[in-house]
1. Tell me whether the stretch 146-155 contains one or more residues that are more than 16 Å from the chain's Cα centre (by Cα) and charged (D, E, K, R).
2. Which one is farthest from the chain's Cα centre (by Cα), of the residues in the stretch 60-76 that are in a helix (DSSP H, G or I) and without any contact (Cβ under 8 Å) to a residue 40 or more places away in the chain?
3. Take the stretch 1-26 and flag every residue that is among the aliphatic types (A, V, I, L, M) and at pLDDT 95 or above.
4. Go through (1) part of a loop (DSSP other than H, G, I, E, B); (2) away from the ligand (no atom under 16 Å from the Cβ) for Pro116 and report which single condition fails.
5. Being in a loop (DSSP other than H, G, I, E, B) and in contact with a helix residue (DSSP H, G or I) (Cβ under 8 Å, 6 or more places away or on another chain) is true for just one of Ser151, Ser187. Which residue is that?
6. Take the residues in the stretch 188-243 that are more than 14 Å from the ligand (Cβ to nearest atom) and β-branched (Val, Ile, Thr); name whichever of them is modelled with the lowest pLDDT.
7. Given the options Val182, Val149, Val217, name the one that is over 26 Å from Leu33 (Cβ atoms) and among the β-branched types (Val, Ile, Thr).
8. Which residues, counting only those in the stretch 77-113, are more than 19 Å from Thr55 (Cα to Cα), within 15 Å of the ligand (Cβ to nearest atom), hydrophobic (A, V, I, L, M, F, W, C) and not in a loop (DSSP other than H, G, I, E, B)?
Amino acid sequence: MTIDFVTIPRQSEEMPMLSRLNEQPFVAPVELLKDEPMLFSASPQFALQEGGPLTLEATTFLLNAGEISLDRGNVVIDTRVHMLKPGWIPAIGGWHCDAIPRGEDGQPVLDHPAIPGIRHYLLVVDCGTGSMTEFLNHGSLITELLQKVASPGKNLWGEHSEEINTYLSDLVELGADRSEYVTTAESGALYKFSARDYHRAIPATGHGWRYFFRASVNTMVKEPLNEIRKQVQVYLPHEDLGW
Ligand SMILES: [Fe+2]
């Protein structure tokens, strides 16, 4: 794809919104991090009852900040704890957006009317893995130019991921500073982002443990499942896999 570096205005209600909410980072010793129960599709109430100390702290922070509430069924919280070795990825690789509703073909529907109402909160507490989520910065115009529908036999996020990686490497080759286009999450920082914020997990660079917390709001799930998970997987190092 040839990229024309022009500014294309976005609709204001769909602006990406990556922002950091906490000044003081959440921290935990590795012994405590290892013991965090892993929650899947948990309500805030369930997270407060069944989550470990970090989950309790992050959920309470969001409640106190008025970002989520206990009395509406529109919040689901997922937490995961990974032991990682260098090269392992704690999520399916590749740039993507979270919780974009999918169509009958199983692929994301990028103009779905629910998208402007969706928001997410992310916290990663790292003890040695170096596997910190990367976000594509708001000024990265590539996202406006990506195809809306997957090519036959391919998946949309995989294709978008390849385009974004090409865009970033082209920029670096032209002398750009990659950090102006990509924000790497800091351990212990709680981020708010939208369903239009592209991000990706990156492979671990060291041996260690990693805690992941995500609260998602208005993602069209019927109701929280409130499951405690006892398994977690790592993924093969393919940067543009998608799903
Ligand atoms: Fe994601």
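1. Going residue by residue through the stretch 146-155, those that are more than 16 Å from the chain's Cα centre (by Cα) are 146-155.
Going one step further and asking which of them are charged (D, E, K, R), we end up with 148, 154.
Yes.
2. By that ranking, first place goes to Asn64.
3. Leu21
4. Tallying (1) part of a loop (DSSP other than H, G, I, E, B); (2) away from the ligand (no atom under 16 Å from the Cβ), Pro116 fails exactly one: (1).
5. Selected residue: Ser151, the only one of Ser151, Ser187 that is in a loop (DSSP other than H, G, I, E, B) and in contact with a helix residue (DSSP H, G or I) (Cβ under 8 Å, 6 or more places away or on another chain).
6. Once the filter is applied, the top-ranked residue is Val221.
7. Exactly one of Val182, Val149, Val217 is over 26 Å from Leu33 (Cβ atoms) and among the β-branched types (Val, Ile, Thr), namely Val149.
8. Correct list: Ile89 only.
The values are calculated or read from the model by the stated rules, or taken from the named source; none is laboratory data. For clarity, every value in this text was computed on a predicted model and none was experimentally measured. When we count neighbours, we look across all protein chains shown, and the Cβ atoms used for this are built from the backbone with ideal geometry, even at glycine.
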